[in-house]
Amino acid sequence: MIGRVAAVPRRLDLMILGCAVSLALVGILFVASTTSGGRLSGLATRQAIWVAVGLGGLMAAVLFDYRTLLKISFPLYCASLVPLVYLLFFGQRIQNVKSWIRVGTFQFQPAELAKITTALLVAYLFENEDDGRLRASAFVKLGAIVGIPFLLVFLQPDLGLALTYLPLLGIGLFFGGLPLRGWIAIVLVVVVCSGGAWFFLKDYQKQRISTFVNPDQDMLKAGYQVRQSKIAVGSGGFSGKGFRSGTQSRLQFLPTPHTDFIFASIAEEWGFLGVILVLGLFATLVLRALRLAGVARDRGGVFLILGLAGVIFFSVTVNASMMIGLLPTTGIPLPLVSYGGSSVATTFLSIGLILGVHYRRFANA
């Protein structure tokens, strides 16, 4: 009996792992489809390499005890902030933002990794709170932990990437038992700050928001991306035009079809069935993660799963909404699917941490 009980924690959750690998394979296929025959034709191979790197990170995260990571989360968090500060002063501006550190042909977004260290530190905060509801001082700490990297990324200025930190704050406030009056106060602060933030946005960011409010005001420039995305999604029909047969992406009407708008490429080539497949895989992954959170051994593990799964859910929801004009274009990639080594590798690392919490859900693990 003891041997059988001890063997249980050593099993990976194959449902989450299978969904993640399947989504990554879909990503490689559509990076290849949208970039073949042009100057970007080698990106699918690079994406496959990053998937392999991400899977290595996933296994390392599973094998390395997450409880040890929680104990050293503060120095990890501080170390992850250093490159974010560096970018503000010395970063090279690429596509209007200072988000990447480039060494030769290699480039990496430190903000992606900082999301994981932020989740670890917030999880450590919950792990060391005795009461089920957080005290006022703990809420202040929570706001500071998430707010510092959020602000550093916002100043790059990368609003889309900065927004992906907010699920950690929202889930933390909910998980910590913030009373109703606290939520009302937050809503009022957000409304006021959103109005004031307009004056700090760059011109291209203001243009994106204006285009969202009035899509027809500039169809050839600011509104071009969303218009072409809607055409791609609508033209896919039920079963799509066929793999590598999408005219919007192949003829380059659809901007960046291998990164921010890869979901529109999937909708065009695989149609409604492809959209359901991809969203179904994401839904299965997130819902399964929530179930694993329910059997985690400690509060730190519960939040770590909820926080990381929340970031994935938020990114998928925003990206899919951008494709059909429900939200402004913010540059948030589709996790595991969009081209981008930083996003793919760190998403796999996040999933590895989720699996790692479940891997050690018993006291003898």
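The values are calculated or read from the model by the stated rules, or taken from the named source; none is laboratory data. From a predicted model like this one, the values you see are computed outputs, not experimental measurements. Ideal geometry is used to build each Cβ from the backbone, glycine not excepted, and the neighbour counts take in all protein chains shown. Protein only, heavy atoms only, side chains kept; ligands, DNA and RNA dropped before computing areas. Shrake-Rupley method; radii C 1.70, N 1.55, O 1.52, S 1.80 Å.
Observations on the model:
- Sulfur and carbon atoms: percent of accessible area, the chain [1.4 Å]: 68 percent
- The 3J(HN,Hα) values that the Karplus relation (6.51, -1.76, 1.60; θ = phi - 60°) gives for the range 73-85 are, in residue order, 5, 5, x, 5, 4, 4, 5, 6, 7, 4, x, 5, 5 Hz. Gly and Pro appear as x.
- Under Karplus coefficients 6.51, -1.76 and 1.60, residue-wise ³J(HN,Hα) of the range 115-120 in Hz, glycine/proline x: 4, 5, 5, 5, 4, 5
- Anisotropy class of the range 67-201 from Cα gyration tensor, a/c 1.5 cut: oblate
- Per residue, the Cα convex hull of the range 227-299 amounts to 102 Å³.
- Principal axis box of the range 33-113, alpha-carbon based, largest edge first, Å: 49, 35, 19
- For Glu129 and Leu277, a Förster radius of 45 Å and the Cβ-Cβ distance give a FRET efficiency of 0.65, rounded to the nearest 0.05.
- Centroid-to-centroid, using Cα positions, the range 106-180 and the range 308-365 are 15 Å apart.
- Dipole of the chain, positive end: most advanced residue of Gln92, Ser321, Thr34 [Cβ charges, Cα centre]: Thr34
- Label-to-label distance, nm, for residues given as Ala52 and Arg297 (7 Å Cα→Cβ offset): 3.4 nm
- The range 280-365: Rg to Rh, with Rh as the Kirkwood radius over Cα pairs: 1.04
- About the centre of its Cα atoms, the chain shows a dipole size close to 340 debye [charges on the beta carbon of Lys, Arg (+1) and Asp, Glu (-1) only; nearest 20 debye].
- Normalised alpha carbon radius of gyration of the range 127-174 [divisor 2.2 N^0.38 Å]: 1.28
- The lysine pair tally for the chain, using Cα distances under 25 Å and a gap of 8 or more places or different chains, is 13.
- Cα gyration tensor of the range 280-328 - equivalent ellipsoid semi-axes, whole Å, descending: 26, 11, 5
- Computed from label points 7 Å out along Cα-Cβ, the spacing between Leu40 and Leu290 is 3.4 nm.
- The listed peptides 349-361, 268-280, 68-80, ordered by packing as a protection proxy, come out as 349-361, 268-280, 68-80 (highest mean of other Cβ atoms within 10 Å first).
- The alpha carbons of the range 1-155 occupy a box of 58, 51, 23 Å along the principal axes, longest dimension given first.
- Of Ile351, Val311, Ile171, farthest towards positive along the dipole that unit charges on Lys, Arg, Asp, Glu beta carbons give the chain: Ile351
- Between Ala185 and Ile94, the contour length at 0.36 nm per residue exceeds the alpha carbon distance by 29.1 nm.
- Sparse packing (at most 14 other Cβ atoms within 10 Å of the Cβ) combined with a DSSP loop state is found for none of the trypsin sites (Lys or Arg not before Pro) in the range 290-328.
- Taking the C-alpha atoms only, the angle from helix 14-35 to the longest principal axis of the chain is near 20 degrees.
- Taking a quarter of the surface of the Cα convex hull of the chain gives a mean projected area of 19.4 nm².
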